[in-house]
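Participant: Structure provided below as structure tokens; questions to follow.
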Amino acid sequence: MYEYKLVKIKLSKWNNMPKEDYHEIIANHAKDGWKFIQLFAPVTSGYGAAAYFEIIFEKPLI
């Protein structure tokens, strides 16, 4: 059995760049025992662009 965690990273409306350093977020979660599974970018804003990323992590239940 696993538990899952989703971390939302908003994207700038001006240049579509992440507002936070997702590399740092992944590294910090890995230190806490979370395994990076996927970075998901749903199409939610105009012109078919994503408005945010969701980083998906998992770790075994203890």
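Participant: I need the full set of residues from region 49-61 which are open to solvent by 70 Å² or more (accessible area, probe 1.4 Å) and not in a loop (DSSP other than H, G, I, E, B), in order please.
Facilitator: Listed by number, the list holds a single entry, Pro60.
Participant: Which residues, counting only those in region 22-42, are in a strand (DSSP E or B) and farther than 16 Å from Phe53 by Cβ?
Facilitator: Within region 22-42, Lys35 is the sole residue that qualifies.
Participant: Among the residues of region 7-21, write down those that are assigned to a strand (DSSP E or B) and open to solvent by 100 Å² or more (accessible area, probe 1.4 Å).
Facilitator: Lys8, Lys10
Participant: How many of the residues in region 22-48 are closer than 26 Å to Lys59 by Cα, of a type outside the set (A, V, I, L, M), over 10 Å from the mean Cα position of the chain (by Cα) and open to solvent by less than 80 Å² (accessible area, probe 1.4 Å)?
Facilitator: Looking only at that region, the number is 5.
The values are calculated or read from the model by the stated rules, or taken from the named source; none is laboratory data. All figures in this text were calculated on a predicted structure; none of them were measured in a lab. Note that we place each Cβ from the backbone using ideal geometry, even for glycine, and neighbour counts take in every protein chain shown. Note: areas computed on protein heavy atoms with side chains; ligands, DNA, RNA excluded. Shrake-Rupley method; radii C 1.70, N 1.55, O 1.52, S 1.80 Å.
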